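Enquirer: Just dropping this structure here.
The values are calculated or read from the model by the stated rules, or taken from the named source; none is laboratory data. Since the structure is predicted, the reported quantities are computational estimates derived from the model, not experimental observations. We place every Cβ from the backbone using ideal geometry, glycine too, and count neighbours over all the protein chains shown.
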2 protein chains.
Amino acid sequence: MNSGEFRRRGKEMVDFVADYLEGIEGRQVYPDVEPGYLRPLIPTSAPEEPDTFEDILNDVEKIIMPGVTHWHSPYFFAYFPTANSYPALLADILCGAIGCIGFSWAASPACTELETVMMDWLGKMLKLPEAFLAGQVGEGGGVIQGSASEATLMALLAARTKVVRRLQAASPGLTQGAIMEKLVAYSSDQLVATLGTTSCCSFDNLLEVGPICNEENMWLHIDAAYAGSSFICPEFRHLLNGVEFADSFNFNPHKWLLVNFDCSAMWVKKRTDLIGAFKLDPLYLKHSHQDSGLITDYRHWQLPLGRRFRSLKMWFVFRMYGVKGLQAYIRKHVQLAREFECLVRQDPRFEICAEVTLGLVCFRLKGSNKLNEDLLERINSAKKIHLVPCHLRDKFVLRFAICSRSVELTHVQRSWEHIRQLTTDLLRAQRD
Amino acid sequence: MNSGEFRRRGKEMVDFVADYLEGIEGRQVYPDVEPGYLRPLIPTSAPEEPDTFEDILNDVEKIIMPGVTHWHSPYFFAYFPTANSYPALLADILCGAIGCIGFSWAASPACTELETVMMDWLGKMLKLPEAFLAGQVGEGGGVIQGSASEATLMALLAARTKVVRRLQAASPGLTQGAIMEKLVAYSSDQLVATLGTTSCCSFDNLLEVGPICNEENMWLHIDAAYAGSSFICPEFRHLLNGVEFADSFNFNPHKWLLVNFDCSAMWVKKRTDLIGAFKLDPLYLKHSHQDSGLITDYRHWQLPLGRRFRSLKMWFVFRMYGVKGLQAYIRKHVQLAREFECLVRQDPRFEICAEVTLGLVCFRLKGSNKLNEDLLERINSAKKIHLVPCHLRDKFVLRFAICSRSVELTHVQRSWEHIRQLTTDLLRAQRD
């Protein structure tokens, strides 16, 4: 395929994608396929000669789409949101074309420098303490990780390296092994200190945990994977109070801030803590500026060596929405969750199971876990909407998470009417 | 931005990208900027109100491009290739729009199933032993990781879990800690068993290492990050001989097989080994098919929870090139490396420093390391071409890696003439 054909096919793909997202409401949110559906539909090995683009695009509709769970359907309320926005899609086309691998400053200075500045922009939106920002002379700074899991692992490894060095400095006779076997990682009920857990969006009390960690010289990592995006709104910023005690902080703009996956934002107060744990310096990656103290080589900040130009997505999204547009987006989702909560509270058959702080409503039918499992089974079998459950204090609970960029009040209302109808059917079937 | 505006802007972006790649030869391969160049060019914080797309696209040319190292310039010979092809760009547009997070089969069945089948297609292209393929009833199978580092870490963790369980089964009194502290990970000179090292593309002897690992019940992981793509050509497949002794094997189609980053292909002979090490099963990720034995939940195969629909890139690339097209691409690069090797050998001032097996030529000026460092400095300062060095047995060596999809013999010849000219200048300056 030459660039002329790419111009033509690329534009067809843009239309295909716009058609898909415009019409997504009309697609069944959860697919009908059974495990193993796809293999018989395609050849057992790659073709020797090229196929045409028409064939492939036809197969997308025939083979792929029937097996897609449509995460961006306004009837998708499962898990947590995953971001999808047009500005991010546009940026990703550019990111793919530039196709640089930004493991060092020299490997593509723009890739590294835009990332540092975008992480400062985002940190300022969240009103993170100054210590987490890179600025021109700061000791802190941010990095885009692939996922919150990677950020947590990086924090853990940095914490371990730091404490080993501190103890070895104090007692030079201590071996690394002797120190390691005594190290303890504390975590809360839902892992590390968490702001907005997956099950029910609960919050650890940082103002209690933080000072203890600081006094005891313990590394504090805070994970706000989902909730973090909301902190750009002044009315939710208080949920982040106590972050000043942390050594590292992480949340996922790829969940709720319209920056397509993957974009997990991590900040540290002392970047030397991260870099110290991972420094990798073979000759083929060295460059003339690296010892100047002026530059960032992000390969030392993460597990993989390679990295894409992901800050372009942040830049496009932040600029094309503006902070006000992003705040409005968060507020709309929170408002929809509250509307759903109100609807649930109006039906005495149901109960709300956790405080609705942001965009997640945990609810259940008053009654046994079995009853609620049956209700969820009916909801997900009907495939008009899609939910997943969680356990809260041994109770089986349904999660209704506001997810899609295109979800409106009417979708929430229709979904609730649908749930009520299925509930009535279920209770009638049980009586009969 | 609504879908109508996306149609318009998306098409503009397709043209922008096509213009960029068509004209990339005319751009200076390595940028002129100094560390910190970008920050003063953009605002210190995100705008409150939206910017226009025109402003952003103008800023890409004004602010981003001057700081880009153009990895896809035909004058880029540094590191190793990173893939960039039109079919992969098209697939990534679709991947972004579908925007599913395929951590479980249910989260998007097509995402999981296409990946399993594409990994089988790719395994067959490489003539991997049947044991590594999933097929319909196999015990093995493939997964797309983000990078070879992640694949290596997964193999290490799986190996550790497996040996701990084996020893605990034999001696139930043994604690995990007692076993862990005695575990040893062996690696070669350049880490794990490697086919095609980064420095000089050397190969470990699997036919020696493999049987010993099998006899001693040791996990053997093979990393062929760069070289792996070449094994689709029958004339290079022998370099993979011995893979039958391995427990896990990994290479990066995102390097040399035209599938844009990230796409690191990893296979295991027993998928239960991987899954056993990582099983993560909170209620909100459970689904009705998961205990049927019929499905794959890829979250157990990797560190992060989230994952994109990356197999679309493989599907588009394999189908639009066909196996013959991909083989032709590999052969062209190898041929260009040989042409460069011939040119170097014709100039008695130079020596070739390692056997040229694939697309990398390691060469140097006969003489001191200092002389070669000076030559590289002149090459990279001139910014007409871009190379990086390596150390081979204490010698400072220049690496000339065939990288770009658009590189032709004329670029290689012109680059060599340029190197010869700079060499003549350098030697004259030293004499004067």
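Enquirer: Scan the range A:39-78 residue by residue and report those that are touching a residue at least 12 places away in the same chain (Cβ under 8 Å), crowded, with 20+ Cβ neighbours inside 10 Å and in a loop (DSSP other than H, G, I, E, B).
Expert: The answer is A:Val68, A:Thr69, A:His70, A:Trp71, A:His72, A:Ser73, A:Pro74, A:Tyr75, A:Phe77, A:Ala78.
Enquirer: From A:Lys162, A:Lys182, grab the single residue that is buried (at least 17 other Cβ atoms within 10 Å of the Cβ) and basic (Lys, Arg).
Expert: On inspection, the qualifying residue turns out to be A:Lys162.
Enquirer: Hey, another quick one. Anything in the range A:185-206 that is touching a helix residue (DSSP H, G or I) at 6+ places or on another chain (Cβ under 8 Å) and either of a type in the set (A, V, I, L, M) or not in a loop (DSSP other than H, G, I, E, B) (or both)? List them, or say none.
Expert: Listed by number, the residues that qualify are A:Ala185, A:Leu191, A:Val192, A:Ala193, A:Leu195, A:Phe203, A:Leu206.
Enquirer: Of all residues in the range B:14-31 being among the aromatic types (Phe, Trp, Tyr) and assigned to a helix (DSSP H, G or I), which is farthest from B:Ile385 (Cα to Cα)?
Expert: Among residues in the range B:14-31 that are among the aromatic types (Phe, Trp, Tyr) and assigned to a helix (DSSP H, G or I), the one farthest from B:Ile385 (Cα to Cα) is B:Phe16.
Enquirer: Are there any pairs, at least 6 apart or on different chains, whose C-beta atoms fall under 9 Å, with the first in the range A:111-124 and more than 9 Å from chain B (Cβ to nearest Cβ) and closer than 16 Å to A:Lys269 by Cα and the second of a type in the set (Ser, Thr, Tyr) and assigned to a helix (DSSP H, G or I), and if so, which?
Expert: A:Met119/A:Ser311
Enquirer: Look at the range A:104-129 and say how many of its residues are aromatic (Phe, Trp, Tyr) and in contact with an Asp or Glu (Cβ under 7 Å, 6 or more places away or on another chain).
Expert: Of the residues in the range A:104-129, 1 are aromatic (Phe, Trp, Tyr) and in contact with an Asp or Glu (Cβ under 7 Å, 6 or more places away or on another chain).
Enquirer: For the range A:54-79, what are the residues that are facing chain B (nearest Cβ under 7 Å) and aromatic (Phe, Trp, Tyr)?
Expert: Matches in the range A:54-79: A:Trp71, A:Tyr79.
Enquirer: From the set of residues in the range A:288-317 that are modelled with pLDDT of 90 or more and at the interface with chain B (Cβ under 8 Å from one of its Cβ atoms), which is farthest from the chain's Cα centre (by Cα)?
Expert: If we take residues in the range A:288-317 being modelled with pLDDT of 90 or more and at the interface with chain B (Cβ under 8 Å from one of its Cβ atoms), then A:Gly306 is farthest from the chain's Cα centre (by Cα).
Enquirer: Then there is this: For A:Glu22, are the conditions met, namely being in contact (Cβ under 8 Å) with a residue 12 or more places away in the chain and either surrounded by fewer than 17 Cβ atoms within 10 Å (Cβ to Cβ) or facing chain B (nearest Cβ under 7 Å) (or both)?
Expert: Answer is no for this residue.
The rows are residues; the columns are (1) among the β-branched types (Val, Ile, Thr); (2) surrounded by 21 or more Cβ atoms within 10 Å (Cβ to Cβ); (3) more than 30 Å from A:Leu427 (Cα to Cα).
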site	(1), (2), (3)
A:Phe316	no, yes, yes
A:Met320	no, yes, yes
A:Tyr329	no, no, yes
A:Glu341	no, no, no
A:Glu351	no, no, no
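Enquirer: Every residue in the range B:209-231 that is farther than 26 Å from B:Ile352 by Cβ and out of contact with any Asp or Glu (no Cβ under 6 Å at 6 or more places or on another chain), please.
Expert: Passing the criteria: B:Val209, B:Gly210, B:Pro211, B:Ile212, B:Cys213, B:Asn214, B:Glu215, B:Glu216, B:Asn217, B:Met218, B:His221, B:Ile222.
Enquirer: Turning to a different aspect of this structure: Of the residues B:Arg9, B:Arg39, which single one is under 17 Å from A:Met13 (Cβ atoms) and either under 32 Å from the mean Cα position of the chain (by Cα) or within 7 Å of another protein chain (Cβ to nearest Cβ) (or both)?
Expert: B:Arg9
Enquirer: Quick check on this structure: which one of B:Leu191, B:Leu167 is over 30 Å from B:Arg319 (Cβ atoms), more than 27 Å from the chain's Cα centre (by Cα) and either at pLDDT 95 or above or of a type in the set (A, V, I, L, M) (or both)?
Expert: B:Leu167
Enquirer: Based on this model, can you work out whether A:Phe132 counts as over 30 Å from A:His289 (Cα atoms), under 26 Å from the mean Cα position of the chain (by Cα) and crowded, with 22+ Cβ neighbours inside 10 Å?
Expert: Here the answer is no, as A:Phe132 does not meet what is asked.
Enquirer: Restricting attention to the range A:318-328, which residues are touching a residue at least 40 places away in the same chain (Cβ under 8 Å) and facing chain B (nearest Cβ under 8 Å)?
Expert: Listed by number, the residues that qualify are A:Phe318, A:Arg319, A:Met320, A:Tyr321, A:Val323.
Enquirer: Any chance you could count how many residues in the range A:377-432 are away from every other protein chain (no Cβ under 14 Å), part of a loop (DSSP other than H, G, I, E, B) and hydrophobic (A, V, I, L, M, F, W, C)?
Expert: Final tally of qualifying residues: 3.
Enquirer: Of the conditions (1) touching a Phe, Trp or Tyr at 6+ places or on another chain (Cβ under 7 Å); (2) assigned to a loop (DSSP other than H, G, I, E, B); (3) away from chain A (no Cβ under 14 Å), B:Ala225 fails just one. Which one is it?
Expert: Against the list (1) touching a Phe, Trp or Tyr at 6+ places or on another chain (Cβ under 7 Å); (2) assigned to a loop (DSSP other than H, G, I, E, B); (3) away from chain A (no Cβ under 14 Å), B:Ala225 comes up short only on (3).
Enquirer: Can I ask one more? Can you name every residue in the range A:331-360 that is within 14 Å of chain B (Cβ to nearest Cβ) and among the aliphatic types (A, V, I, L, M)?
Expert: Within the range A:331-360, A:Ala354, A:Leu360 meet the criteria.
Enquirer: For the list (1) crowded, with 22+ Cβ neighbours inside 10 Å; (2) among the hydroxyl-bearing types (Ser, Thr, Tyr); (3) within 25 Å of A:Leu360 (Cβ to Cβ), I need the number of the one condition that A:Ser149 fails.
Expert: All conditions pass for A:Ser149, except number (1).
Enquirer: Can you tell me which residue in the range A:1-33 is farthest from A:Asn84 (Cα to Cα), limited to those that are in contact with a Leu (Cβ under 8 Å, 6 or more places away or on another chain) and not aromatic (Phe, Trp, Tyr)?
Expert: Step by step, filter the range A:1-33, then rank; the result is A:Ser3.
Enquirer: Within the range B:95-136, can you find the residues that are among the basic types (Lys, Arg) and over 19 Å from B:Lys313 (Cβ atoms)?
Expert: B:Lys127
Enquirer: Within the set of pairs 6+ apart or on separate chains, which have a first residue in the range B:245-272 that is touching a residue at least 40 places away in the same chain (Cβ under 8 Å) and farther than 21 Å from B:Ala134 by Cα, a second that is hydroxyl-bearing (Ser, Thr, Tyr) and in a strand (DSSP E or B), and C-beta atoms under 7 Å apart?
Expert: Partner pairs satisfying both residue conditions: B:His254/B:Ser264.
Enquirer: Surrounded by fewer than 23 Cβ atoms within 10 Å (Cβ to Cβ), small (Gly, Ala, Ser) and touching a helix residue (DSSP H, G or I) at 6+ places or on another chain (Cβ under 6 Å), is that true of B:Gly173?
Expert: Judged against the criteria, B:Gly173 is not a match.
Enquirer: Can you tell me how many residues in the range A:32-50 are under 28 Å from A:Lys384 (Cα atoms) and not small (Gly, Ala, Ser)?
Expert: 9
Enquirer: Looking at (1) in contact (Cβ under 8 Å) with a residue 60 or more places away in the chain; (2) assigned to a helix (DSSP H, G or I), which one does B:Lys11 not meet, given that it meets all the others?
Expert: The one condition B:Lys11 does not meet is (1).
Enquirer: Mind listing whichever residues of the range A:80-105 are among the hydroxyl-bearing types (Ser, Thr, Tyr), facing chain B (nearest Cβ under 7 Å) and surrounded by 24 or more Cβ atoms within 10 Å (Cβ to Cβ)?
Expert: Once the filter is applied, which keeps residues that are among the hydroxyl-bearing types (Ser, Thr, Tyr), facing chain B (nearest Cβ under 7 Å) and surrounded by 24 or more Cβ atoms within 10 Å (Cβ to Cβ), the range A:80-105 yields only A:Tyr86.
Enquirer: Continuing with this model, one more query. Return a yes/no flag: does the range B:139-150 have any residue that is of a type outside the set (Gly, Ala, Ser), assigned to a helix (DSSP H, G or I), within 30 Å of B:Ile295 (Cα to Cα) and out of contact with any Gly (no Cβ under 6 Å at 6 or more places or on another chain).
Expert: Within the range B:139-150, one or more residues are of a type outside the set (Gly, Ala, Ser), assigned to a helix (DSSP H, G or I), within 30 Å of B:Ile295 (Cα to Cα) and out of contact with any Gly (no Cβ under 6 Å at 6 or more places or on another chain).
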